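Written below as structure tokens is the structure these notes are about.
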Amino acid sequence: MQRWRGLDEIPADWGRCVLTIGVFDGVHRGHQQLIARAVEAARARGVAAVLMTFDPHPMEVVRPGSHPAQLTTLARRAELAEELGIDVFCVMPFTPEFMKLSPERYAHEILVERLHVAEVVVGENFTFGKKAAGTVDMLRSIGERFGFAVQGLTLVAEHAVTFSSTYIRSCVDAGDVAAAADALGRPHRVEGVVVHGDGRGRGLGFPTANVAPPIYAAIPADGVYAAWFTVLDSGSPVEGLTAGQRYLAAVSVGTNPTFSGRKRTVEAFVLDEKADLYGQHVAVDFVERLRGMEKFDSVEALISAMHRDAERAREVLTKTPE
């Protein structure tokens, strides 16, 4: 898969393509349907399937300070898009200048002149251009003038719930990671680098990896979770764990109220394994919330609870298909 940042990276000999456009945060089941349809249309036409996304999130430019919690990093979005058959992952810098493009200029200058689209596949609620004035019907009208087709797909829904990034963020925020996983089609992932914590877990017999996620990452509600833990391949060797392999983990999200903690952390206890993980880029895939965050009367009571959490996490994960 080719990866472009901005239109200047389009090859000089670029031909026609089928394009799907959106933020695609989460690459959830609704996004997967759009991407699958775009790939299918591209294969039928014998052209490339292109996914165009944006960085930073448009909301951060339209209303600074309103960046929504991020379900997937750009790198993760690209990885998932490639797995779904996308040929080109194009990241458009969402600048104030880009934001001011009229729908007509947006379609003509970007879709027609630069990307040479043969077909565009978007959700039925897709908007584009200055003040989001462009609609799917407007895009169809422009397509009729410039010779490209437009598919506007109905959003995926199940049990009266429409799958959207906003819905999934609300699930994650409430700690309902099982519902988030159902809408995503896989567990919600938080990535980050393992940093030094206060070392308290090691002293209690539960050495944890203190994961520092990106600034906007969607972190589940405080509590203890069963999760898969993966060291992402960074090229540096890891003693004790194999990069890319999933391991069982119990993960604590919160402020450690038993010790009057204030800083919110994501701490993963990897079951049955020992490894020096400092500095490693890791992923935590949340499967099920085991309990809320509690303040215990004694260290002994906390340790007993941690033993129960570890065993419950093992039960949940061993019943969960990989």
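The values are calculated or read from the model by the stated rules, or taken from the named source; none is laboratory data. All of these numbers come straight from a predicted model, not from anything done at the bench. Backbone-built Cβ (ideal geometry, glycine too); neighbour counts: all protein chains shown. Quick note on the areas: whole protein, heavy atoms, side chains included, nothing else; ligands and nucleic acids left out. Shrake-Rupley method; radii C 1.70, N 1.55, O 1.52, S 1.80 Å.
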Please determine, by comparing only the residues of the range 253-298 that are of a type in the set (Asp, Glu) and part of a loop (DSSP other than H, G, I, E, B), which one is modelled with the lowest pLDDT. ASP297
Could you tell me whether any residue of the range 152-173 is part of a helix (DSSP H, G or I), buried (at least 20 other Cβ atoms within 10 Å of the Cβ) and either modelled with pLDDT under 95 or touching a strand residue (DSSP E or B) at 6+ places or on another chain (Cβ under 6 Å) (or both)? yes
Determine whether the range 45-64 contains at least one residue that is at pLDDT 95 or above, in contact with a strand residue (DSSP E or B) (Cβ under 9 Å, 6 or more places away or on another chain) and surrounded by fewer than 17 Cβ atoms within 10 Å (Cβ to Cβ). yes
Quickly run through the range 119-151 and pick out the residues that are in a strand (DSSP E or B) and buried (at least 17 other Cβ atoms within 10 Å of the Cβ). GLU119, VAL120, VAL121, VAL122, GLY123, PHE128, GLY134, VAL150, GLN151
Residue list for the range 67-84, filter: open to solvent by 20 Å² or more (accessible area, probe 1.4 Å) and more than 20 Å from PHE126 (Cα to Cα): ALA69, THR73, LEU74, ALA75, ARG76, GLU79, GLU82, GLU83, LEU84
Quick one: which residue in ILE215, ILE219 is open to solvent by 30 Å² or more (accessible area, probe 1.4 Å), among the hydrophobic types (A, V, I, L, M, F, W, C) and at pLDDT 90 or above? ILE219
Any idea which of HIS108, HIS116 is more than 15 Å from GLY152 (Cα to Cα), open to solvent by 40 Å² or more (accessible area, probe 1.4 Å), in contact (Cβ under 8 Å) with a residue 40 or more places away in the chain and over 27 Å from the mean Cα position of the chain (by Cα)? HIS116
Looking at (1) exposed (fewer than 14 other Cβ atoms within 10 Å of the Cβ); (2) under 29 Å from the mean Cα position of the chain (by Cα), which is the one condition that is false for PHE269? (1)
Matching residues, the range 289-316, being in contact with a Pro (Cβ under 9 Å, 6 or more places away or on another chain) and crowded, with 16+ Cβ neighbours inside 10 Å: ARG289, MET293
For the range 1-100, list the strands (runs of 3 or more DSSP E) that sit wholly inside it and hold at least 2 residues that are closer than 18 Å to LEU115 by Cβ and touching a helix residue (DSSP H, G or I) at 6+ places or on another chain (Cβ under 7 Å); which are they? 17-21, 48-55, 88-93
On the given criteria, is THR20 touching a Leu at 6+ places or on another chain (Cβ under 7 Å), over 19 Å from VAL172 (Cα atoms) and among the β-branched types (Val, Ile, Thr)? yes
